[in-house]
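Asker: Structure in structure tokens, see below.
Where a number appears in this text, it was derived from the coordinates with a stated rule and is not lab data. Since we're looking at a predicted model, the values are computed, not measured. Every residue, glycine as well, gets a Cβ built from its backbone with ideal geometry; the counts of neighbours run over all protein chains shown.
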Amino acid sequence: MDDSAVSECVKRGCKDLKMKASQEDYIKYRLEKAWNTFADAKSLPDLKSWNSSMNRLYYACFYSVLSLFAKHNLNSRTHSGVKTQLSLHFVKTGLLDKESGMLYGDLFDLRQRGDYGDFFDFEERDINQLIPKVEEFLYKIDRLITKD
């Protein structure tokens, strides 16, 4: 499936994109989704939408990790499983630094708190501190994918 076919499928809401796309297409799709989600995360602070920005920061990383997993034929059924698999296969093996693993774990917890915690809101400084860290995380994952 070429780029235009993937884009067209996404526009139509293709539910079985992963089944129709090659592994390379899927990896590229998830990485693109990660970067687009990161762009959303950076724009939401303009609306003072801190919790939504935190959600998008987490999901940008999540989508990039799914891309990395696809590259290495790994799979997980849950968000918690993704966190565990990332640690086992990439942090503990030294392919990804511990700080990046900790960032992913922190984003996982923060997203949960922002999405499901009652009477809780992030603040501007929380988001502003995370944006450059998430961007660096995405670059690291991108490099791991394109390394081989």
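Asker: In nm, to one decimal, how far is the modelled label at ASP126 from the one at LYS48, with both set 7 Å along Cα→Cβ?
Answerer: Label at ASP126, label at LYS48, 1.6 nm between them.
Asker: Once the Cα gyration tensor of segment 90-133 is diagonalised, what are the square roots of 5 times its eigenvalues, in whole Å and ordered largest first, as equivalent ellipsoid semi-axes?
Answerer: Working: eigenvalues 123, 35, 5 Å².
Result for segment 90-133: semi-axes of 25, 13, 5 Å.
Asker: Moving on. Does anyone have the angle between helix 23-43 and the longest principal axis of the chain? Alpha-carbon axes, 0 to 90°, nearest 10?
Answerer: Long axis of 23-43 versus the principal axis of the chain: about 20 degrees.
Asker: As I understand it, the dipole of segment 30-146 uses +1 on the Cβ of Lys and Arg and -1 on the Cβ of Asp and Glu, about the Cα centre. Which of GLY117, LEU57, GLY105 lies farthest toward its positive end?
Answerer: Of GLY117, LEU57, GLY105, it is GLY105.
Asker: Across all directions of projection, what mean area in square nanometres is found for the Cα convex hull of segment 42-118?
Answerer: Details: hull surface 22.0 nm².
Across all orientations, segment 42-118 yields a mean hull projection of 5.5 nm².
Asker: What does the net charge come to around HIS89 if you take all other residues with beta carbon closer than 13 Å to its beta carbon, with K and R at +1 and D and E at -1? Provide the component values of the computation, followed by the final result.
Answerer: Numbers: positive: LYS71, LYS83, LYS92; negative: none.
Residues near HIS89 contribute +3 overall.
Asker: To the nearest 10 degrees, how steeply does helix 124-146 sit against the main Cα axis of the chain, on a 0 to 90 scale?
Answerer: 20 degrees
Asker: What is the Å³ per residue value for the convex hull set by the Cα atoms of the chain? Numbers along the way, then the final one.
Answerer: Numbers: hull volume 17.8 nm³, N = 148.
So the per-residue hull volume is 120 Å³.
Asker: Related question: Would you mind computing, in nm to one decimal, how far apart the modelled labels at ARG143 and ASN36 are, each placed 7 Å from Cα along Cα→Cβ?
Answerer: So the label points at ARG143 and ASN36 sit 2.7 nm apart.
Asker: Here's another thing I want to ask about it. Return one number: the angle in degrees, 0 to 90 and rounded to the nearest 10, between the long axis of the Cα atoms of helix 50-71 and the longest principal axis of the Cα atoms of the chain.
Answerer: The angle comes out near 30 degrees.
Asker: Take the alpha carbon atoms of segment 122-145, find their center, do the same for segment 36-105, and report the distance between the two centers in whole angstrom.
Answerer: Each part reduced to its Cα centre gives a spacing of 9 Å.
Asker: Show me, for segment 90-101, the HN-Hα J-couplings you get by feeding each phi into the Karplus relation (A = 6.51, B = -1.76, C = 1.60, θ = phi - 60°), rounded to Hz, glycine and proline as x.
Answerer: 10, 7, 5, 8, x, 6, 10, 5, 4, 4, 5, x
Asker: Please report the relative contact order for segment 58-116, taking Cα pairs under 8 Å with a sequence separation of at least 6, and give it as a percent rounded to a whole number.
Answerer: Values: 24 pairs, mean separation 20.2, N = 59.
After rounding, I find 34 percent.
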